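Asker: Shown below is the structure under consideration.
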Amino acid sequence: MRNEEMLLIPGPTPVVDSIYDAMASETRGHTDPRFVEIYKRSIERTREMLKTDGEVFVIAGSGTIGMEMALVNTVGAGERILVISHGYFGDRFIQLGKAFGIEIDVLQAEWGKRVALEEVERQLSEHTYKAVTITHADTSTGVAADLEGLVPIVKKHGALVILDGVCATAAMEEDMSKEYGEAGYKIDVVLTGSQKAIGVPPGLAIVAFNQTALEARKQLGRIPAYYSDIENWIPIMHDPSKYFATPPVNLIYAYDEGMRLVLEEGLEKRYARHTAFGRGVRAALREYGMIPLADEEVAASTLSCFHYPEGVIDADFRAALAKEGLIVAGSLAHLAGKAFRMGHMGNTTEEMLISAIKKIGGALNAVGHEAPIEQAINRFKAEVEATV
Ligand SMILES: Cc1ncc(COP(=O)(O)O)c(C=O)c1O
């Protein structure tokens, strides 16, 4: 990897050389058949990753436009949604819904915890919702949603499942053909971005709608959107030589290569690798006295949020790490200054994580907190070995 720094924030994530090389290929016209072929293939690869027989959209924009597409194409003004929030990004659906006149109820977990399934069941029994938003892995807390538990409850009550996969897709199972519960319920919409577990630079929103969600779009008629109206994009996704808005040609090259790598590794192997990395990193950093915000049973495999040991100052620690060429992220909202977040997803490798654990130990030692580096690395290796 030609990266000079190790970027272990919860996205963007490390980009491998073959993706950079693809991105640096000659910019062609967006209707040039050579580009159109690549765009088509990247859409097909996305379809294969999400296992959907619905519609897939790969467009310029960040994860947020994906959230907007998901919501505005399925829920109309005055209709009601339930937001299940495990942190800052779950909450984003509240602002988004409000912007479009959507009525919103929220079930908010304490940061680091999950909303209880019983609470969701109760809320859905008492009220009717058009859709329920679920954040697969909330990047502010490192909490993963329990899809096995949530999807059947939501669908049983007739609401659409909108899944925000921005910090999960390609690392945590998102299979739109999978049948949840005895009645065989399915996820209706998945949205994501290019820059996290897919491991491609930021700039693409990826969204998939199943037939139920597409029917919901039809029922809405006109919607208060233009760029994010899927009806404007469906003809382009079927035939990318057509024009609606200029696609980011070089990012599509990069994304196509990223998707090739995802499928080449194999989804099951990739999910197992991420599970191992998550467990390994958390076990290792516990050796340093760092306490994950999320308990292991609810922790995401893509990123973790850690409380500092007593006396370690956030700015000093992260500055010491940056000197070593390792970049991690601060925490958000009330945890700013009290915890940090570390990504362990996408193109990140075991070797990189071992090196990161070493650097984190070094930085802790540099700021006066004793850190048993060998012990932590051994814990990481043991967890990884036990998991994959
Ligand atoms: C879970 C989740 N959803 C949505 C977003 C918003 O994505 P973006 O910043 O690409 O617009 C993020 C960004 O980090 C995220 O982590």
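Asker: Picking from Ile230, Ile223, Ile162, which residue would you name as being at pLDDT 95 or above and within 12 Å of the ligand (Cβ to nearest atom)?
Answerer: The match here is Ile162.
Asker: Which of the residues belonging to the range 165-207 are within 13 Å of the chain's Cα centre (by Cα) and either farther than 18 Å from Gly61 by Cβ or of a type in the set (Gly, Ala, Ser) (or both)?
Answerer: Answer for the range 165-207, where residues must be within 13 Å of the chain's Cα centre (by Cα) and either farther than 18 Å from Gly61 by Cβ or of a type in the set (Gly, Ala, Ser) (or both): Gly165, Ala168, Ala170, Ala171, Met172, Glu173, Glu174, Gly193, Ser194, Ala197, Gly199, Ala205.
Asker: With the condition being open to solvent by less than 50 Å² (accessible area, probe 1.4 Å) and of a type in the set (S, T, N, Q), I'd like the strands (runs of 3 or more DSSP E) fully within the range 80-165 carrying at least 2 qualifying residues.
Answerer: Fully inside the range 80-165 and qualifying: 131-135.
Asker: Another question, then. For the range 24-65, give me each residue that is more than 16 Å from the ligand (Cβ to nearest atom), touching a Pro at 6+ places or on another chain (Cβ under 7 Å) and open to solvent by 40 Å² or more (accessible area, probe 1.4 Å).
Answerer: Passing the criteria: His30, Lys40.
Asker: Right, something else. So which residues in the range 66-77 are within 16 Å of the ligand (Cβ to nearest atom) and open to solvent by 30 Å² or more (accessible area, probe 1.4 Å)?
Answerer: Glu68
Asker: If we keep just the residues of the range 6-20 that are buried (at least 23 other Cβ atoms within 10 Å of the Cβ) and assigned to a loop (DSSP other than H, G, I, E, B), which is farthest from the chain's Cα centre (by Cα)?
Answerer: For the range 6-20, the residue satisfying everything is Leu8.
Asker: Return the pairs, sorted by first residue and then second, in which the second residue is open to solvent by 60 Å² or more (accessible area, probe 1.4 Å), the first residue lies in the range 41-52 and is more than 13 Å from Gly165 (Cβ to Cβ), the beta carbons are less than 7 Å apart, and the residues are 6+ apart or on different chains.
Answerer: These pairs meet every condition: Arg45/Arg260.
Asker: I would also like to ask the following. From the residues in the range 317-358 that are of a type in the set (Gly, Ala, Ser) and buried (at least 18 other Cβ atoms within 10 Å of the Cβ), which one is farthest from Ala170 (Cα to Cα)?
Answerer: Among those that are of a type in the set (Gly, Ala, Ser) and buried (at least 18 other Cβ atoms within 10 Å of the Cβ), it is Ala320.
Asker: Does His334 satisfy being of a type outside the set (Val, Ile, Thr) and at pLDDT below 95?
Answerer: Yes: the conditions hold for His334.
Asker: Taking only the range 292-321 into account, find how many residues are among the hydrophobic types (A, V, I, L, M, F, W, C), within 20 Å of Glu5 (Cα to Cα), in a helix (DSSP H, G or I) and in contact (Cβ under 8 Å) with a residue 40 or more places away in the chain.
Answerer: Residues meeting the conditions: 3.
The values are calculated or read from the model by the stated rules, or taken from the named source; none is laboratory data. Remember, predicted model here, so these are calculated numbers, not experimental data. Backbone-built Cβ (ideal geometry, glycine too); neighbour counts: all protein chains shown. What goes into the accessible areas is simple: the full protein's heavy atoms, side chains included, and nothing from ligands, DNA or RNA. Shrake-Rupley method; radii C 1.70, N 1.55, O 1.52, S 1.80 Å.
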